[in-house]
1. Of everything in segment 117-140 that's open to solvent by 50 Å² or more (accessible area, probe 1.4 Å) and free of Cβ contacts under 8 Å to residues at least 24 places away in the same chain, which residue is farthest from the chain's Cα centre (by Cα)?
2. Among the residues that make up segment 187-198, is at least one of them among the aliphatic types (A, V, I, L, M) and surrounded by fewer than 20 Cβ atoms within 10 Å (Cβ to Cβ)?
3. Do we have D34 as among the acidic types (D, E), open to solvent by less than 30 Å² (accessible area, probe 1.4 Å), modelled with pLDDT of 90 or more and under 26 Å from K123 (Cα atoms) here?
4. Residues I73, I42, I63: which one is open to solvent by less than 70 Å² (accessible area, probe 1.4 Å), within 17 Å of the chain's Cα centre (by Cα) and either under 14 Å from L219 (Cα atoms) or at pLDDT below 85 (or both)?
5. Identify all residues within segment 212-227 that are over 15 Å from Q28 (Cα atoms) and assigned to a loop (DSSP other than H, G, I, E, B); write none if there are none.
6. Scan segment 14-31 and give yes if some residue there is surrounded by 17 or more Cβ atoms within 10 Å (Cβ to Cβ) and at pLDDT 80 or above, otherwise no.
7. From D203, D230, grab the single residue that is modelled with pLDDT of 80 or more, outside any strand (DSSP E or B) and surrounded by fewer than 18 Cβ atoms within 10 Å (Cβ to Cβ).
Amino acid sequence: MKRLISFTAVILFFFFLTSIQLEAASKQEEKVTDAINVLDEIMAIPEEGIPPSLLHNAKGIAIIPRVIKAGFIVGGRHGKGILVVHTTEGQWSNPAFISFTGGSIGWQIGAQSADIILVFKTKRSVDNLMKGKFTLGADASIAAGPVGRQVEAGTDIKLKAEIVSYSRSRGLFAGLSVEGSSLQIDDEANWAFYNKGGITTRDILENKNIQVPSIVKKLKEVLSKYSSQDVK
């Protein structure tokens, strides 16, 4: 009887553990879907989308849907999203999961949600983020990005920054300041999404023989579409 009880307890434990892992993976797939929707919606704003030339030449892009800004006097921002980079072959990589955290002090009350996109223009800025925690404005210079399909990104003085940022709140570009906020690799989310404990960020971004959920293919297709220089 004791053996039967022990065996049953082990089975229930593994069932419980598997359920947790599946639930975690499902949340990450939902986050990737949210990121796709954010990119679709921002690029669909007439004459105010991210210039395709900027995406075409980008070393990487971070998409953080529904960043929550809340507080009374002292406020904070927090959200989770994905990082995707351009590989040496010129293709978009698998997504690595990241967290976004920032704080602010000043007269404020209430809560606000915004979608944030960060376009990395240099390999150095991407490499620094892959090392772990990364502070915008300190570990890499950042500026608000230009908008419009016909913008020549290289001629804008602001684009001397290593990272350019875009934010949208209630369907409009919000002009949210993200300088001083931090980005950090979310290892647990990566392990859950790829169902592989201990997988490294570099393995993910370099597409090193890992099985990926089907939503990743759609993400890459959408990124390729909007980073094409033929986009009008």
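1. Taking the candidates together, the pick is D139.
2. Restricting attention to segment 187-198, the residues satisfying the condition of being among the aliphatic types (A, V, I, L, M) are 189, 192.
Then drop every residue that is not surrounded by fewer than 20 Cβ atoms within 10 Å (Cβ to Cβ), which leaves none.
No, every residue in segment 187-198 fails to be among the aliphatic types (A, V, I, L, M) and surrounded by fewer than 20 Cβ atoms within 10 Å (Cβ to Cβ).
3. yes
4. Only one candidate qualifies: I63.
5. Of everything in segment 212-227, just one residue is over 15 Å from Q28 (Cα atoms) and assigned to a loop (DSSP other than H, G, I, E, B), namely S227.
6. Checked against the condition, which is being surrounded by 17 or more Cβ atoms within 10 Å (Cβ to Cβ) and at pLDDT 80 or above, segment 14-31 yields at least one hit.
7. One residue alone meets the criteria, D203.
The values are calculated or read from the model by the stated rules, or taken from the named source; none is laboratory data. A quick note: this is a predicted structure, and the numbers were derived from the prediction, not measured. Note: ideal-geometry Cβ built from the backbone for every residue, glycine included; neighbour counts use all protein chains shown. What goes into the accessible areas is simple: the full protein's heavy atoms, side chains included, and nothing from ligands, DNA or RNA. Shrake-Rupley method; radii C 1.70, N 1.55, O 1.52, S 1.80 Å.
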